[in-house]
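Read the figures in this text as sums done on the coordinates, not as results from a lab. None of these values were measured; they are calculated from a predicted model. Cβ: placed from backbone, ideal geometry, glycine included. Neighbour counts: every protein chain shown.
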């Protein structure tokens, strides 16, 4: 293969559509600022709405060029959400004590990203379901409450999945 052929081939391959992921910019061009207000929480789970909105805000800042602002009336787009349901149930039982040794949490969300000026819906998920598992120590001396860490992992998962869905929808 001659040098000319090698250059032509590399030029062809470089235009194959490969790009570095993580910094997408696929929302409409007029969107520069996004507000992520605290979600409505229809459950009794304390601070879950704050945790989810915070994780989503951090993910937008880390992965996009959009400025996240607190005042929804000044934003180009607003991401609203409602926590519809929160459940936690045992998945594994210790055979010796009969106590739960594994727990699964499940959160059901309703999310909408809208253009503020026109109320045009840019993205919506009326029934977004997320799950996370954690273990419960059966030894009382070794017990460590892991439900908060599980909720933190779930919040990060929601944020990553949501942002990928939003950016992939355009």
Notebook entry, point to check: If contacts are Cα pairs under 8 angstrom and at least 6 residues apart, what is the relative contact order of region 25-168 in percent?
Noted result: 23 percent
Notebook entry, point to check: Using the count of nearby Cβ atoms within 10 Å as a rough guide to exposure, how do 118, 33, 91 rank from fewest to most?
Noted result: 118, 91, 33
Check: Any idea how far apart residue 89 and residue 106 come out in nm if each label point goes 7 Å out from Cα toward Cβ?
Finding: 0.5 nm
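Estimate the FRET efficiency between residue 82 and residue 161 by the formula 1/(1 + (r/R0)^6), using the beta-carbon distance for r and 22 Å for R0, to the nearest 0.05. Present the calculation step by step, with values, prior to reporting the outcome.
Numbers: r = 17 Å, r/R0 = 0.77.
About 0.85, to the nearest 0.05.
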Checklist line | Linear extension gain, residue 120 paired with residue 46, 0.36 nm per residue minus alpha-carbon span | finding: 23.5 nm
